[in-house]
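Report on one structure; see the data block that follows.
The values are calculated or read from the model by the stated rules, or taken from the named source; none is laboratory data. Small disclaimer: the values here were computed from a predicted structure and weren't measured. Because the Cβ atoms are built from the backbone with ideal geometry, glycine has one as well, and the counts that use them run over all protein chains shown.
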Amino acid sequence: MAAMRGPAGIGSELDEALVRAGRYLRRGVVSADVRTLQKTGGREADNFYRDRLSYDKVIRSAYGVNCTGSCSCSWKVYVKDGIITWEAQETDYPSAGPARPDYERRGCPHSAAFSWYTYSPTRVRYLYVRGVLLELFREAKARHDGDRVEAWTEITGNPGLAGRYQSARGKGGFVRASWDEAVELAAAAHVHTIRTWGPDRIAGFSPSPAMSMVSHAAGARFHALIGAPMLSFNDWYADLPVAFPQVFGDQTDVPESGD
């Protein structure tokens, strides 16, 4: 070390640095062919990566993040301490028959990152309604002795009131609301529209399609009962081929995680 000394002060600092780094300079066991050097310890950092993929159990699930197939892809979800740690595509699909090739593993990149959605701090966990509209609806209900339909009729029939909440679109301003109040608002709008314009002015839109067959079937049945049309979700998406599912029976090719 004395030979490595330079200007005043620098040599001593170098000495101290080498001493602190001594744990990296320990003598190890060299193999007979001088190709390997074996040391014990010093790999504690690897535990983080091992623990990242450790799990207590694997459960079966299906994710529906903007899913056209309505959660038709099977996933293995790895759980540790009740928390999703990671997921992988399941492969045990039933046979498609002797005349068709078997299913490969399936699952989109959205689903592969679903646990990030689940635990995201920005995930919406409560019901929100535009604050201006909710305030107008409450005030109108008070003026009409609690009649929801009359309250909605007043709001939409008055350009000044309607303009207040319409001009607020795109500016945020959502407030937390109860399900009871939100259902009142939606029901009043449906009843008013049917009475005034007819049921064909209510158009149903299923977002891919409504994330699950339960909600999709319930919504489609409701619109069928009141005489309202249902629109194809693909007709609303500019980046997807219109009428592709109707013609070919599937939206697009389903990718694998490796893609």
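Here are some notes:
- Test for A17: is it closer than 30 Å to A112 by Cβ, modelled with pLDDT under 80 and not assigned by TED's automatic domain parsing to the domain that holds S111: no
- Qualifying residue in the stretch 55-62 (condition: of a type in the set (A, V, I, L, M, F, W, C) and at pLDDT below 75): no
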